[in-house]
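In what follows, a single structure is set out as structure tokens and then discussed.
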């Protein structure tokens with residue numbers, strides 16, 4: 001076995017970028033690398049190159065024949081060591097490897113030094129196996145045909161040298177070895193077995209199964225015993241467990257303990273068992289760290305994604321909490337059952353794609369901060385998403401993956417919309433106040449001169465009738481401005497403690513008399529007392545305006561107008577978003593079974609001069625006045641409606 | 001008939017008021033802002049001042065306070081059209097700092113003349129209820 005000669009590798013992977021990158025890296029370590037993009041190509045190359053020493057194959061070959069089939073075909077051409085390349089070493093994937101190779105796997109993200117080390121070890125093992133096979137064959141032949149002692153000696157010598165080489169290999173791999181006579185309890189271990197635990201072999205000799213039992217963590221001992229029994233009963237092919245063992249310094253060391261019974265007694269009892277100890281403490285610690293980080297992510301509202309830079313952006317990893325966000329499980333995404341791209345709201349998808357494309361094309365760019373966009377969840381809800389995406393590039397600066405940090409910001413977005421609405425109302429109010437002074441002054445001029453002309457001419461004359469029309473229009477304008485002022489600065493005077501129920505009862509007869517008989521009004525109070533500080537005529541105006549508004553919505557087919565009075569506790573959150581003080585509120589519910597409103601209409605209904613009624617039917621101020629009055633009473637309004645399903649206005653007023 | 005000073009920054013409105021009151025037989029002085037109005041009053045102290053509240057330079061409120069401090073007997077009517085100073089609450093409050101009556105713009109000629117004659121009948125504005 002000579003490692004001075006340059007070894008030739010065949011690297012099989014679908015990613016051209018990765019292939020070229022690895023080829024370069026392996027060159028630095030003295031390898032000659034041939035590459036193939038798929039199984040068929042690999043077989044062709046392998047057939048034509050007798051000097052290939054080892055094959056590295058990606059487990060995920062999606063075009064043409066898969067990795068298992070490729071390996072099978074390669075091995076029919078000639079015996080060759082094969083190492084499988086994995087992106088992730090989850091149990092399911094690792095189990096699959098045994099079908100492909102007996103030389104194990106390596107993670108694609110591993111450093112080249114580790115890859116180089118694995119290649120060397122596998123080659124050594126492969127040559128050792130070959131040599132053992134050759135010698136065994138030879139020995140068998142000799143046993144039956146000849147008794148040449150010098151030949152036997154050579155076989156022995158070779159076997160000894162093979163054992164030394166294997167020992168050397170195991171030492172290089174930092175592996176402790178053990179041999180156990182199950183019937184006597186005697187054990188043989190190498191130096192490394194002891195040094196993993198911080199001792200020299202001499203310090204712990206003589207070693208027996210009791211030594212092992214002394215060092216192993218009691219919990220792990222129990223579990224190991226169960227597994228060993230299973231193996232002794234031939235229920236499992238080999239024994240394997242990750243155990244904790246006590247280090248000389250007192251801390252626990254994680255050991256990957258593997259073994260297999262090699263010989264059995266005549267009556268079927270296990271006799272000799274061989275195995276290895278591998279120190280996996282560092283790996284375990286890293287695993288624990290990433291497990292903790294993963295748990296923290298899953299408990300948070302931040303969803304982490306990793307997807308490939310390929311068509312449809314296939315997802316390689318997503319945290320479990322994606323289910324809370326989208327209603328779909330992580331497995332649904334990773335298995336390709338659902339696509340995050342398809343969940344993006346239709347009006348936003350083009351923009352999101354553009355943001356990805358424009359940022360990806362900039363060479364030095366490493367992240368994308370998306371403008372918030374919407375997704376549709378499994379239940380059909382629309383959620384707002386904040387998305388920061390990191391761009392992962394290889395050494396050729398080509399993008400291989402994207403990492404997304406995705407957060408649900410629906411609440412914040414709704415809050416923002418509410419604040420926007422509130423500030424818009426405030427601006428309208430301020431404007432109305434400012435404009436009304438000039439407006440009233442000018443109306444004063446028009447009406448004033450009109451009155452003076454009217455003193456000079458007969459109101460029955462033609463000019464007189466014209467003038468009266470001017471004056472009428474002027475007076476209507478005056479009322480309009482007055483309404484606008486009521487909206488912007490409702491008078492806070494004349495507030496006194498009153499029962500809201502009394503105000504409702506006073507409004508009802510008036511409301512009934514002004515509504516059509518097709519509308520059925522019902523009023524119910526489920527509280528005994530409803531005291532508030534209020535200007536009762538303003539509150540009655542609110543009830544009248546909302547009642548008339550409901551009637552308008554039921555004009556065509558009639559319906560029910562329900563008024564309910566109850567109590568509600570407003571907590572910190574709602575109080576904050578509604579800009580009121582937390583505490584007990586009276587809740588006046590006014591609902592109708594009319595035509596309802598779409599969400600766009602709901603957004604604007606309280607704005608002055610916004611009206612859905614035909615021209616001439618409303619001033620567009622009725623609901624603005626309601627808003628102004630309720631706000632000046634330190635209350636708030638919530639509206640629920642859907643097109644065709646009626647509307648509900650919930651009025652909240654602080655209870656005293 | 002009375003001598004009246006009208007203070008309002010809106011020319012059209014001021015002229016219209018002048019016209020209305022002249023027709024009713026009153027003698028009118030005009031000022032387009034509070035500073036000119038107070039100067040004019042110092043030179044020609046009239047019996048009644050009608051002042052707008054929402055004006056540039058100095059507000060109607062300052063005009064009323066200034067006049068009332070120096071001339072306890074002068075009659076004052078506050079007028080306003082809107083904004084904060086146009087609210088009923090504010091106009092009512094003008095009486096607390098010296099106005100005798102207030103009118104909310106726009107008002108009718110009848111309302112104006114009635115208010116003027118009512119104010120002129122108040123003998124000692126400081127002590128009588130109105």
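The values are calculated or read from the model by the stated rules, or taken from the named source; none is laboratory data. Owing to the predicted nature of the structure, the values given are computational and were not obtained by experimental measurement. Cβ atoms come from the backbone with ideal geometry, glycine included; neighbour counts cover every protein chain shown.
How many residues does the range A:267-305 contain that are more than 26 Å from residue A:228 (Cβ to Cβ) and crowded, with 17+ Cβ neighbours inside 10 Å? Count: 5.
Any residue at all in the range A:52-71 that is under 22 Å from residue A:124 (Cα atoms) and out of contact with any strand residue (DSSP E or B) (no Cβ under 9 Å at 6 or more places or on another chain)? Taking every residue of the range A:52-71 in turn, none turns out to be under 22 Å from residue A:124 (Cα atoms) and out of contact with any strand residue (DSSP E or B) (no Cβ under 9 Å at 6 or more places or on another chain). Candidates in the range A:89-114 are the residues that are in contact (Cβ under 8 Å) with a residue 12 or more places away in the chain and assigned to a loop (DSSP other than H, G, I, E, B); of these, the one that is surrounded by the fewest Cβ atoms within 10 Å (Cβ to Cβ) is A:109.
Condition test on residue A:405, is it touching a helix residue (DSSP H, G or I) at 6+ places or on another chain (Cβ under 7 Å), at pLDDT 90 or above and surrounded by 13 or more Cβ atoms within 10 Å (Cβ to Cβ)? Taking the combined requirement at face value, the residue does not satisfy it. Given the criterion part of a helix (DSSP H, G or I) and modelled with pLDDT under 90, identify the matching residue among A:469, A:479. The match here is A:479. Residues in the range A:354-386 that are part of a helix (DSSP H, G or I) and without any contact (Cβ under 8 Å) to a residue 12 or more places away in the chain were compared, and the one that is farthest from residue A:399 (Cα to Cα) is A:354.
Selection of the range A:411-452 for residues being more than 9 Å from chain B (Cβ to nearest Cβ) and modelled with pLDDT of 90 or more yields only A:450. Checking each residue in the range A:535-561 for being closer than 27 Å to residue A:632 by Cβ, within 49 Å of the chain's Cα centre (by Cα) and in contact (Cβ under 8 Å) with a residue 60 or more places away in the chain picks out A:539, A:542, A:545, A:546, A:548, A:549, A:550, A:552, A:553. For the range A:259-327, the strands (runs of 3 or more DSSP E) that sit wholly inside it and include 1 or more residues that are under 21 Å from residue A:88 (Cβ atoms) and over 15 Å from the mean Cα position of the chain (by Cα) are A:270-279, A:302-308. Just one of the listed residues (B:60, B:81, B:98, B:86) is within 11 Å of another protein chain (Cβ to nearest Cβ), surrounded by 17 or more Cβ atoms within 10 Å (Cβ to Cβ), within 14 Å of the chain's Cα centre (by Cα) and at pLDDT below 95, namely B:81. The single condition from (1) touching a residue at least 12 places away in the same chain (Cβ under 8 Å); (2) over 47 Å from the mean Cα position of the chain (by Cα); (3) surrounded by fewer than 18 Cβ atoms within 10 Å (Cβ to Cβ); (4) in a helix (DSSP H, G or I) that residue A:577 fails is (2). Against the conditions (1) more than 10 Å from chain A (Cβ to nearest Cβ); (2) closer than 21 Å to residue B:16 by Cβ; (3) modelled with pLDDT under 90, residue B:122 satisfies every one except (2). Taken together, the residues in the range A:482-516 that are part of a helix (DSSP H, G or I), within 16 Å of residue A:629 (Cα to Cα) and either at pLDDT below 85 or within 14 Å of another protein chain (Cβ to nearest Cβ) (or both) amount to 7.
Could you name every one of the strands (runs of 3 or more DSSP E) located completely within the range B:1-116 that has at least 2 residues being under 16 Å from residue A:445 (Cα atoms)? Because the criterion is at least 2 residues that are under 16 Å from residue A:445 (Cα atoms), the strands (runs of 3 or more DSSP E) in the range B:1-116 that meet it are B:3-7, B:48-52, B:75-80, B:101-104. Between B:5, B:40, B:91, the distinction of being in contact with a strand residue (DSSP E or B) (Cβ under 6 Å, 6 or more places away or on another chain) and within 14 Å of chain A (Cβ to nearest Cβ) belongs to B:91 only.
Yes/no matrix, rows are residues, columns are (1) more than 14 Å from chain A (Cβ to nearest Cβ); (2) modelled with pLDDT of 95 or more; (3) farther than 24 Å from residue B:121 by Cα:
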{"residue": "B:1", "(1), (2), (3)": "yes, no, no"}
{"residue": "B:24", "(1), (2), (3)": "no, no, no"}
{"residue": "B:49", "(1), (2), (3)": "yes, yes, no"}
{"residue": "B:52", "(1), (2), (3)": "no, no, no"}
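With respect to (1) at pLDDT 90 or above; (2) surrounded by fewer than 18 Cβ atoms within 10 Å (Cβ to Cβ), the lone exception for residue A:257 is condition (2).
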